[in-house]
Amino acid sequence: MPSALHAHVLLFDLDGVLADSTRSVEHHWRTWARKHALDPDALIAVVHGRRAVDTIREVTPHLDAERELAALVEAEAGDTTGVTAAPGAAALLARLPHDAWAVVTSGVRSVAIARLRASNLPAPKLLVPADEITRGKPDPEGYLTAARRLGVQPQDCVVIEDAPAGIAAAHAAGMRCVALTTTHARGEVAHADLVVASLAALDVAIERGP
């Protein structure tokens, strides 16, 4: 039975939430890891839900992070092989008023747009990408920026996430968070307010303020 969810605004993460892009994400990160003699499996364990530039700075502080990011972004934006809409994403977005949802992603704008297009999903009214904020998840800046630009209070937003860093960002912003088990095991996202298998498991009702 679908889980009921009431919110004024829904703020979606992109990868693993609206877009089924895990294989593409991991393919490009594994390629990058092998290029720099890193353990691909160890790298994959820490990349999800975080800005690529933050990961690059952490695991390879000796490299030019901006140069590495540019190369990674070019590869990801130019290759969306296998990227599709996540289960339930198209149906849910079709039911939502266009001003009642936004995307807050740890990916940069060009990659986010490429993956939305590959997934045949509508462009959001508001997209807050990683390259247009100062601090990435688990910092709440992205989610607070989205609430401010939409003219709503943080407590009126519900975040849909798939990664621990994103859940931490939502809670730090004072927002409720629904976690999907599309990328991480249930135990790794159990600190969310609600955990479901996919967007198809949600029965969303948008509540308008006075």
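The values are calculated or read from the model by the stated rules, or taken from the named source; none is laboratory data. On a predicted model such as this, the values are computed, not experimentally measured, just so you know. All Cβ positions, even for glycine, are placed from backbone atoms using ideal geometry, and neighbour counts span all protein chains on display. All accessible areas refer to the heavy atoms of the entire protein, side chains included, with ligands and DNA or RNA removed. Shrake-Rupley method; radii C 1.70, N 1.55, O 1.52, S 1.80 Å.
Key figures for this structure:
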{"read-out": "LEU121 being within 13 Å of the chain's Cα centre (by Cα) and either farther than 16 Å from ASP15 by Cβ or not charged (D, E, K, R) (or both)", "value": "no"}
{"read-out": "Residue identified as within 19 Å of VAL204 (Cα to Cα), more than 16 Å from the chain's Cα centre (by Cα) and without any contact (Cβ under 8 Å) to a residue 60 or more places away in the chain among HIS36, HIS6, HIS27, HIS98", "value": "HIS98"}
{"read-out": "Test for LEU38: is it of a type outside the set (Gly, Ala, Ser) and assigned to a loop (DSSP other than H, G, I, E, B)", "value": "yes"}
{"read-out": "Subset of segment 76-95 [open to solvent by less than 30 Å² (accessible area, probe 1.4 Å) and either of a type in the set (Lys, Arg) or at pLDDT below 95 (or both)]", "value": "GLU76"}
{"read-out": "Condition met for ALA168 (in a strand (DSSP E or B) and open to solvent by less than 60 Å² (accessible area, probe 1.4 Å))", "value": "no"}
{"read-out": "Count of segment 116-137 residues which are open to solvent by less than 20 Å² (accessible area, probe 1.4 Å) and not in a loop (DSSP other than H, G, I, E, B)", "value": "4"}
{"read-out": "Among the residues listed as ARG109, ARG57, the single one being under 16 Å from the mean Cα position of the chain (by Cα) and either polar (S, T, N, Q) or surrounded by 14 or more Cβ atoms within 10 Å (Cβ to Cβ) (or both)", "value": "ARG109"}
{"read-out": "Residues of segment 96-106 satisfying the condition of being open to solvent by 10 Å² or more (accessible area, probe 1.4 Å) and within 14 Å of ALA19 (Cβ to Cβ)", "value": "SER106"}
{"read-out": "Residue in segment 151-171 that is over 23 Å from LEU92 (Cα atoms) and of a type in the set (Val, Ile, Thr) present", "value": "no"}
{"read-out": "So ALA33, is it part of a helix (DSSP H, G or I), open to solvent by less than 10 Å² (accessible area, probe 1.4 Å) and of a type outside the set (D, E, K, R)", "value": "yes"}
{"read-out": "Residue list for segment 177-210, restricted to those being surrounded by fewer than 19 Cβ atoms within 10 Å (Cβ to Cβ) and farther than 25 Å from GLU26 by Cβ", "value": "ASP193, LEU194, ASP203, ALA205, ILE206, GLU207, ARG208, GLY209, PRO210"}
{"read-out": "Pair list, Cβ under 9 Å, 6 or more apart: segment 148-173 residue under 21 Å from ALA201 (Cα atoms), other residue of a type in the set (Phe, Trp, Tyr) and open to solvent by less than 10 Å² (accessible area, probe 1.4 Å)", "value": "CYS157/TYR143; VAL159/PHE12; VAL159/TYR143; ILE160/PHE12; GLU161/PHE12; GLY166/TYR143; ALA170/TYR143"}
{"read-out": "Conditions (1) in contact with a strand residue (DSSP E or B) (Cβ under 9 Å, 6 or more places away or on another chain); (2) outside any helix (DSSP H, G or I); (3) without any contact (Cβ under 8 Å) to a residue 60 or more places away in the chain; number of the one not met by LEU11", "value": "(3)"}
